[in-house]
Amino acid sequence: MKWLWLLLSLFITACDRDRADKDANPLHLPPSGFQVDADQGKKLYQQNCQQCHGPAAKGSERGPALLDNTYRPAHHANLAFHLAVKNGVRAHHWQFGDMPPQPQVSPEQTAHIVQYIRQLQLDAGIFTE
C-alpha cells in the first residue's frame, strides 16, 4: 500500500510541476528589454493572423478588423493582444464567434505582431503618439 501512495504522490508532483511550467509566463510577454520589429510582425501576422483578421488587419468574414477604434491602445492595451493569443477570447466586440488560443505564436512573435498592428493603426490615424 505504501508504494501506491508513493506512486500517487510522484504523479501529483509531476502534474503540479507541469502546470507550473505552463504558467511560467501567464501574461505571455516577451522578456524585459525585448526589441520589437514591425517588419518581422508583418510576416508573422501574414502567417498567423491574416486568415481571420484579413490583409493589413482590415478584417474578413472570419474575424474583426483590428484597424478599428475598438482596438486602439486606450481601449485594448498591448497586453490584451498577448492574452488573446495565449488564452483565446470570447466574442464580445464582434459576431464572428470566439477566437481560439494560438499556441504556435510565442510571446516574442506576438510582440512583433502587435508592433505591426500598432503601426497600421497609427498610419490609419486611429491614435497618435
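The values are calculated or read from the model by the stated rules, or taken from the named source; none is laboratory data. All values derive from a computational prediction rather than experimental measurement. Cβ placement follows ideal geometry from the backbone for every residue including glycine, while neighbour counts extend to all protein chains displayed.
Assorted remarks:
- Any pair with Cβ under 6 angstrom, 6 or more apart, that starts in segment 97-114 at a residue that is within 15 Å of Tyr45 (Cβ to Cβ) and ends at one that is aromatic (Phe, Trp, Tyr) and in a helix (DSSP H, G or I): Ile113/Tyr45; Val114/Phe81
- Residues that are touching a strand residue (DSSP E or B) at 6+ places or on another chain (Cβ under 6 Å) and in contact (Cβ under 8 Å) with a residue 12 or more places away in the chain, drawn from segment 85-96: Gly88
- Of all residues in segment 115-127, those satisfying the criterion of being of a type in the set (A, V, I, L, M, F, W, C) and in contact (Cβ under 8 Å) with a residue 40 or more places away in the chain are Ile117, Leu120, Ala124, Ile126, Phe127.
- If the condition is being crowded, with 19+ Cβ neighbours inside 10 Å and in contact with a Leu (Cβ under 6 Å, 6 or more places away or on another chain), then segment 99-119 contributes Gln109, His112, Ile113, Ile117.
- Helices (runs of 4 or more DSSP H) contained entirely in segment 1-99, each with at least 2 residues that are at pLDDT below 95: 2-22
- Residue that is modelled with the highest pLDDT [pool: residues in segment 120-129 that are outside any helix (DSSP H, G or I) and surrounded by fewer than 11 Cβ atoms within 10 Å (Cβ to Cβ)]: Gly125
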